[in-house]
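J.: The structure is given below, and queries will be raised subsequently.
The values are calculated or read from the model by the stated rules, or taken from the named source; none is laboratory data. What you see is a predicted model, and the numbers here were worked out from it, not measured in a lab. Note that each Cβ is placed from the backbone with ideal geometry, even for glycine, and that neighbours are counted across all protein chains shown. Surface areas here come from the heavy atoms of the whole protein model, side chains and all, with no ligands, DNA or RNA. Shrake-Rupley method; radii C 1.70, N 1.55, O 1.52, S 1.80 Å.
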Amino acid sequence: MRLIVVGGGIVGVATARLAALQRPEAEVLLLERESELAQHQSSHNSGVVHAGLYYQPGSLKARLCRRGAGLMRELCNAKGLPYEECGKVVIATEPGELERLERLGERAAENEVPGLRRLDASELREIEPHAVGLAALHSPETAIADFAAVTRALAEELAQRGGQLRLRADVRDVRSRADAAEVRLSDGSTLTADRVIVCAGAQADRLAAASGEPDEPRIVPFRGEYWKLAPERTGLVKGLIYPVPDPGLPFLGVHLTRKVDGEVWVGPNAVLSLARQGYGRASFDRRDAWDALRWPGTWRMAARHWRAGIDELRRSASKRVFIADARRYVPELRSADVQRAPSGLRAQALDRDGTLVDDFRLSVAGRVCWVRNAPSPAATSSLAIAEELLSRAIA
């Protein structure tokens, strides 16, 4: 059997590696359009290994996040990769957030999040001495890792097990035929395989449409901007400090995240990006901008969440406003304590009616399996997503 995996992010590499591990007789080929692996979402993220607090019970996210977190811990420990269970607190700072915190705890219990407990104000200070709040949830097994390093380690194992990797392989379309799947590259060459799994990230909708698949959902990119604490102020945060999610808003909001290298990042916000793979504030790609702005779902989402959108833009324009959000949880934090950090991009799938696709969206068409939406916690879940993709693609 020959299997081709398209996409060199953590999900694609994890899938190719698992195929080589489970089917040593198979020929496994991984195609990546960039000159290196994990150049985009897999290396531009918070590095958090999520425990599964937020996700709708029974959803793919809930199931694959819990499974994936355990697999990620085992992999990092086996390969000597950074993995630290620094823990997360989700803090309610206002009376109106207490009921939402209670509901979040109930959802986390349904998802069997291990070790979860509710904290009062004094117990919160024992976990995070510089944080304040009326109450909090503590998830002690929420962890941090280096997902780019994980991707590289998975690629090394893929090669050791006989898998092949082709960089700078720009895929134009993927077609399912009666007797084989065909992958056409931009250089005009065509590859054939028994099965193809497509994990194209920010290009998922374009590659699907070019291959004759539905063009919905569309990918609309959002840039997440971060600040980071100055080295002498990283002691303000021991682990991960998160807000209580508001189900009426499209994104989570500003939080404080410790990284495996000891840095502490503050953010992100979420602003519409005019480039799917441009991380600078002035990044612009004509095609990306046109595709985002002509999609009806973009405008319907904006009409539904315009107040939240204005708040995100205010945070983007003002360091003071950005840090003021974080000071709700760590009052000692000052604007002078932070420096600009790299930005990330979220390839968010958006339906025509303006609904942000929340769950992972996977589909199979003939001999081809498509990943149409894989936002956070995709990195956490990557090893479990690989299991799911192979089970669907190869009966």
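J.: For the range 224-359, list log₁₀ I(q)/I(0) at each q in 0.10, 0.18 Å⁻¹, using the Debye formula over Cα point scatterers of equal strength and ignoring solvent, two decimals each.
T.: Taken in order of the listed q values, log10 I(q)/I(0) reads -0.36, -1.05.
J.: Could you give the dipole magnitude of the range 1-141 about its Cα centre, charging the beta-carbon of Lys and Arg +1 and that of Asp and Glu -1, in debye to the nearest 20?
T.: Computed charge dipole of the range 1-141: roughly 520 debye.
J.: A follow-up question, please. Using only the Cα atoms, work out Rg/Rh for the range 185-262, with Rh taken as the Kirkwood radius, to two decimals.
T.: In the range 185-262, Rg relative to Rh is 1.18.
J.: Could I ask something else about it? Once both axes come from the Cα atoms, what is the angle between helix 60-79 and the longest principal axis of the chain, in degrees from 0 to 90, rounded to 10?
T.: Compared with the principal axis, the helix lies near 90 degrees.
J.: Taking the Cα centre as origin and putting +1 on Lys and Arg beta-carbons and -1 on Asp and Glu beta-carbons, what dipole magnitude results for the range 211-314, to the nearest 20 debye?
T.: On the way: 16 positive and 13 negative charges, 47 e Å.
Around 220 debye, computed over the range 211-314.
J.: Right, something else. Return the lysines within reach of K238: Cα separation strictly under 17 angstrom, same-chain partners fewer than 8 residues apart disregarded; answer none if there are no such residues.
T.: K88, K228, K259
J.: Quick check on the chain: what are the equivalent-ellipsoid semi-axes from the Cα gyration tensor, as sqrt(5λ), descending, whole Å?
T.: Ellipsoid semi-axes (Å, largest first): 36, 24, 19.
J.: Further, regarding this structure: Would you tell me the accessible area of K238, worked out with a 1.4 angstrom probe on the heavy atoms of the protein chains, in Å² to the nearest 10?
T.: 110 Å²
J.: So, one more: Hey, what do the phi angles of the range 4-18 turn into as Karplus ³J(HN,Hα) couplings, whole Hz, using 6.51/-1.76/1.60 and θ = phi - 60°, x for Gly and Pro?
T.: 10, 10, 9, x, x, x, 5, 5, x, 5, 4, 5, 5, 4, 5
J.: Amide H neighbours of D173 under 5 Å, counting only residues 5+ apart in sequence or on other chains, H built in-plane at 1.01 Å?
T.: So D173 has HN proximity to R184.
J.: How big is the charge dipole of the chain about its Cα centre, in debye rounded to the nearest 20, if each Lys and Arg gets +1 on its Cβ and each Asp and Glu gets -1 on its Cβ?
T.: In debye, rounded to 20, the chain gives about 760.
J.: Taking just the alpha carbons, could you work out the radius of gyration and Dmax for the range 22-175, both in angstroms?
T.: Calculated on Cα positions, Rg and Dmax stand at 19.6, 59 Å.
J.: Still on this structure, I have one more. If one takes the longest principal axis of the Cα atoms in the chain, at what angle in degrees, from 0 to 90 and to the nearest 10, does the Cα axis of helix 98-110 lie?
T.: Compared with the principal axis, the helix lies near 40 degrees.
J.: Take each of the peptides 6-14, 166-174, average the number of other beta-carbon atoms within 10 Å over its residues, and list them starting from the highest.
T.: Ranking the peptides 6-14, 166-174 by packing returns 6-14, 166-174.
J.: Quote to one decimal, in nm, the extra length available between S318 and R177 on full extension: 0.36 nm per residue of separation minus the C-alpha distance between them. Intermediate results must be reported in sequence, preceding the final value.
T.: Details: separation 141, 0.36 × 141 = 50.76 nm, distance 5.31 nm.
Contour length minus Cα-Cα distance gives 45.4 nm.
J.: Each residue of the range 323-340 in order: what ³J(HN,Hα) in whole Hz does its phi give by Karplus 6.51 cos²θ - 1.76 cosθ + 1.60, θ = phi - 60°, with x for Gly and Pro?
T.: Per residue, the Karplus-derived 3J(HN,Hα) values read 6, 4, 4, 5, 5, 4, 9, 10, x, 6, 5, 10, 4, 5, 7, 10, 10, 5 Hz.
J.: Another question, if that's okay. For helix 147-160, what angle does its Cα long axis make with the longest principal axis of the chain, in degrees from 0 to 90 and rounded to 10?
T.: 30 degrees
J.: Calculated from DSSP H runs of 4 or more alone, at -39500 (n - 2.57) each and per residue, what is the 222 nm mean residue ellipticity of the chain, nearest 500?
T.: On the way: 11 runs with 129 residues, N = 395.
One gets -10000 deg cm²/dmol as the mean residue ellipticity at 222 nm.
J.: Right, here's the next one. Considering only the chain, what is the antiparallel percent among its DSSP beta bridges, to the nearest 5?
T.: Antiparallel bridges: around 70 percent, rounded to the nearest 5.
J.: Can I ask one more? Using heavy-atom solvent-accessible surface (probe 1.4 Å) with all chains present, what is the largest-first order of W265, W295?
T.: Output order, biggest surface exposure first: W265, W295.
J.: Towards the positive end of the charge dipole of the chain, with charges on Cβ (+1 Lys, Arg; -1 Asp, Glu), say which of L274, L116, L81 has the farthest Cα.
T.: Looking along the dipole axis, the top candidate is L274.
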